[in-house]
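**Student:** Sharing a structure here in structure tokens format.
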Amino acid sequence: MQRLRAAYARARPWIPLVAGAVFVLAVSLAIGVAAIEHASKGPAFRVSAACLRLNATVRQELGVVTGFGFTVQGPVVQNADGTGSARIDFSASGSWRNGHVHIKAIERHRRWYLEQPAELFVSGVKAPFLIAPDRLNIIPGPARDRFEIRCAPTNSTTTFQQG
């Protein structure tokens, strides 16, 4: 028993230091994870996510899209002249099932567009679903790092009477 008390007496000054170090590491980890998530979800992801939320095929296969995976993978290139390209992969969670999405997007005149049909891989289904890109783009908003989403169907059936 005395050995235990002696060991505790020697370790007692170190307990606050170890606890403080663990706290600092936990806070650093939380800040780093938040920074990685924010950095990986740029304008190419946001236009892709908005398209998926509005797409009828996605709603039919996943249900209402309730969220997306933690990070986005794949190369994204944004040039200073307002052009760019992205080939990104991420998870999508729906109210019925989950899926994984492969999307290609391009940036022209500082606006992001989905370039071609995306592939939606749904859990339990062998073949991917092709998601036709709706006419959806993101443009820079009035504030820095803010974006505006503009959407419209690919083929509009609305007619206007002139008169």
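**Student:** Could you tell me what percent of the accessible area of the range 1-52 is made up of carbon and sulfur, with a 1.4 Å probe and every protein chain present? Mind showing how you got there, number by number?
**Tutor:** Working: 2900 of 3930 Å².
Here it works out to 74 percent.
**Student:** Here's something else I'd like to know. Determine the order of E107, E115 by accessible area, beginning with the largest, at a probe radius of 1.4 Å. Kindly include the intermediate steps, with their values, before the conclusion.
**Tutor:** Working: E107 10, E115 95 Å².
Solvent-accessible surface, decreasing: E115, E107.
**Student:** Output the peptides 123-131, 65-73 sorted from most to least packed, where packing is the average of other Cβ atoms within 10 Å over each peptide's residues. Let's see the in-between values first.
**Tutor:** On the way: 123-131: 12.7, 65-73: 15.3.
Highest mean packing first, the order is 65-73, 123-131.
**Student:** Note down the nm distance, to one decimal, between modelled labels 7 Å out along Cα→Cβ at M1 and at Q116.
**Tutor:** The answer from the label model is 7.8 nm.
**Student:** Order these peptides, 78-85, 47-54, by their mean beta-carbon neighbour count within 10 angstrom, highest first.
**Tutor:** Details: 78-85: 12.6, 47-54: 21.6.
So the order, starting with the most tightly packed, is 47-54, 78-85.
The values are calculated or read from the model by the stated rules, or taken from the named source; none is laboratory data. Since the model is a prediction, treat every value here as computed from it, not as a measurement. In this analysis, Cβ positions are derived from the backbone assuming ideal geometry, glycine residues included, and neighbour counts consider all displayed protein chains. Keep in mind that these areas ignore ligands, DNA and RNA; they rest on the heavy atoms of the full protein, side chains included. Shrake-Rupley method; radii C 1.70, N 1.55, O 1.52, S 1.80 Å.
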